[in-house]
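Read-outs: derived from the displayed coordinates by stated rules, not from any lab. A quick note: this is a predicted structure, and the numbers were derived from the prediction, not measured. Because the Cβ atoms are built from the backbone with ideal geometry, glycine has one as well, and the counts that use them run over all protein chains shown.
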Amino acid sequence: MRRFLGIAGGLFVVAFLAAACGEIDGSSSTNGGIVPISQSGTYAYTVTITAPSSVPASQCSGLILGLADGNVNNTLNATGSLYFAAGNWTGTLSGGGSVECEWTLTLTPS
């Protein structure tokens, strides 16, 4: 019985660490556009900017996602890698397109 509890406890720790260090997803339609980052570090990122059905796709081309935490303002290309401090980061599109354009972001610890 003692050996079983040790293995089960170890599996719990591994599962917890995997969840804590996994991908972070954010979007303009989730959490008010705020992306909570719980652990500081360098993250590979992927940004997608799309047009809802009510807006021509051309209105969303050329837009750039900015991610800010109140101290730092990062401009994100479609893909890349950046250091992010732990905190709540707010995403904002810039570049003169439609205010209805939407964004999604995936951060992966690197």
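Label sites at THR46 and ASN31, each approximated as a point 7 angstrom past Cα along Cα to Cβ, lie 1.9 nm apart. Here each label is just a point 7 Å from Cα along the line to Cβ, and for SER38 and ASN88 those points are 1.7 nm apart. For the range 44-57, putting each phi into the Karplus relation 6.51 cos²θ - 1.76 cosθ + 1.60 with θ = phi - 60° gives couplings of 7, 9, 9, 10, 10, 10, 10, 9, x, 4, 7, 10, x, 4 Hz, in residue order, rounded to whole numbers and with x for Gly and Pro. Rounded to whole numbers, the Karplus 3J(HN,Hα) couplings from phi for the range 81-86 are 8, 8, 8, 10, 7, 4 Hz, using 6.51 cos²θ - 1.76 cosθ + 1.60 with θ = phi - 60°, and x at Gly and Pro. Cα convex hull, the range 23-109: 84 Å³ per residue, rounded to a whole number.
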